[in-house]
Structure formats: structure tokens, C-alpha cells
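A.B. asks: Have a look at this one before I ask anything.
The values are calculated or read from the model by the stated rules, or taken from the named source; none is laboratory data. Note that the structure is predicted; figures quoted are calculated from it, not measured. All Cβ positions, glycine included, derive from the backbone under ideal geometry; neighbour counts span all protein chains shown.
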Amino acid sequence: MVSLLERISNPIFNKPNMNLFVNGTERVVTGVWEEETLLSVLREYFGLIGTRFGCGKGLCGSCTVHVDGEPVRSCITPVNNIAGTSVLTIEGLQQDNEKLHPLQQAWIDERVPQCGYCHSGQIMQAWGLLSKTRNPTEEQINTFMDSILCRCGTYDRIKKAILRAAVMLQQSSDTNA
């Protein structure tokens, strides 16, 4: 493997620019290395630090974001494989500058966070479910959320928050209809 210093100083290692649509805004990534992950680009290039590094193996889910509407583990997603796609992070989930997304508000209302480390991944995974299933059952929640680890063990509160957010989203869509 080539060192970072060798890559930076040697023009043969320069990579072409690539475009991503991050949280609704087109962003250009310059000089991306072949092994660079989506997580590192989000955090280091764009300063979007809400997405967390947990295990680096795609097992814990703390790094979950959406690519073209699907939850993915950004720590194992090579950014070169997703050029031109739409990426949604926890920062982009908020509906506007003043109002939290219903999932974020439900997380607060149900007092889910303890250490808070996994919660951006938990919320993004939950949005993957609620964006497709507006009224999920507890079994659907358990199945969909099973791959995201919470070392504090707040799983019951997470489930309650998802159910609360589903109601909030339904009320919001009824109001806007």
C-alpha cells in the first residue's frame, strides 16, 4: 500500500473529480483515493460529522446514511462506486433550519439517547423503514432495526420513538393533504 505522503506528492495517484448530491446539494469531491470510503468523504471533505465511525466493518450501523434512498453503511462503501448518487445524512434529515424531523423529535420525546454515539445511524436506519412503511408493526421495526447496535441497550425506547415518529409523520401528511 502506498503512503499518504506518496499519494499526495505523486501526480500519478491523482484521481479525477467526482460529483455527489449530498443532502440535496451537488458537491464535488476532488482527489479521492480508490480505497476512500463514503464516511471519510462526508466527515473529512464536507465536514458532516453527524455520521459516526463505529466499527469500520459495517457491522454496528453507526455510520448509516442513505444512498439513493436506501440505508447503507458508509464505513464500507467505496465513494468511487457511488459517483453521481444522492446521499442523505443525519444533517440533511432535518426539514428546515427551525424544525426537527419527526424522527429526531421522537428521539428526544422518548428520551432515547444515553451516550448518543449510535443514534445518527439508528435514526437513518429508522428513516429507511418509515420512508417505505408509514405504519410499521413492532415486528417490522425489530427486523429492520436488528442490524444497528446500541451498546447502551435503549432498544425499547428506540422502538417507541419509531412508533411515535410514524404517528407524527401520518399527522403531518394528513395536515398537508
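A.B. asks: Scan segment 139-155 for residues that are within 21 Å of the chain's Cα centre (by Cα) and of a type outside the set (Val, Ile, Thr) and jot them down. So that I can check it myself, show each step before the final result.
C.D. replies: First pass over segment 139-155, keeping only residues within 21 Å of the chain's Cα centre (by Cα): 140-155.
Answer for segment 139-155, where residues must be within 21 Å of the chain's Cα centre (by Cα) and of a type outside the set (Val, Ile, Thr): Gln140, Asn142, Phe144, Met145, Asp146, Ser147, Leu149, Cys150, Arg151, Cys152, Gly153, Tyr155.
A.B. asks: Out of the residues in segment 14-39 that are polar (S, T, N, Q) and free of Cβ contacts under 8 Å to residues at least 24 places away in the same chain, which is surrounded by the most Cβ atoms within 10 Å (Cβ to Cβ)?
C.D. replies: Of segment 14-39, the ones polar (S, T, N, Q) are 14, 17, 19, 23, 25, 30, 37.
Next cut, free of Cβ contacts under 8 Å to residues at least 24 places away in the same chain only: 14, 17, 25, 30.
Values: Asn14: 13, Asn17: 11, Thr25: 9, Thr30: 10.
Ranking the candidates gives Asn14 first.
A.B. asks: Among Ile141, Ile148, which is of a type in the set (A, V, I, L, M) and either modelled with pLDDT under 90 or within 15 Å of Ser62 (Cβ to Cβ) (or both)?
C.D. replies: Working: Ile141 fails: either modelled with pLDDT under 90 or within 15 Å of Ser62 (Cβ to Cβ) (or both).
From the options Ile141, Ile148, the qualifying one is Ile148.
A.B. asks: When you look at Ala83, is it touching a strand residue (DSSP E or B) at 6+ places or on another chain (Cβ under 8 Å) and either of a type in the set (Gly, Ala, Ser) or crowded, with 22+ Cβ neighbours inside 10 Å (or both), yes or no?
C.D. replies: Values: touching a strand residue (DSSP E or B) at 6+ places or on another chain (Cβ under 8 Å): yes; either of a type in the set (Gly, Ala, Ser) or crowded, with 22+ Cβ neighbours inside 10 Å (or both): yes.
Against the criterion (touching a strand residue (DSSP E or B) at 6+ places or on another chain (Cβ under 8 Å) and either of a type in the set (Gly, Ala, Ser) or crowded, with 22+ Cβ neighbours inside 10 Å (or both)), Ala83 qualifies.
A.B. asks: Whether any residue in segment 2-12 is among the charged types (D, E, K, R) and at pLDDT below 95 is what I want to check.
C.D. replies: Residues of segment 2-12 that are among the charged types (D, E, K, R), as a first pass: 6-7.
Add one more test, that the residue is at pLDDT below 95, and what stays is 6-7.
So far as segment 2-12 goes, yes, one or more of its residues are among the charged types (D, E, K, R) and at pLDDT below 95.
A.B. asks: Going through Gly84, Gly121, Gly153 one at a time, which residue ends up being at positive phi and either in contact (Cβ under 8 Å) with a residue 12 or more places away in the chain or assigned by TED's automatic domain parsing to the domain that holds Phe21 (or both)?
C.D. replies: Working: Gly121 fails: at positive phi; Gly153 fails: either in contact (Cβ under 8 Å) with a residue 12 or more places away in the chain or assigned by TED's automatic domain parsing to the domain that holds Phe21 (or both).
The match here is Gly84.
A.B. asks: Any idea how many residues of segment 101-115 are free of Cβ contacts under 8 Å to residues at least 60 places away in the same chain and small (Gly, Ala, Ser)?
C.D. replies: Number of matching residues: 0.
A.B. asks: Just give me the residues in segment 70-79 being touching a residue at least 40 places away in the same chain (Cβ under 8 Å) and crowded, with 17+ Cβ neighbours inside 10 Å, in sequence order. Before you say what the answer is, go through the steps one by one.
C.D. replies: Initial filter on segment 70-79 (touching a residue at least 40 places away in the same chain (Cβ under 8 Å)): 70-71, 77-79.
Pro71, Thr77, Val79, listed by residue number.
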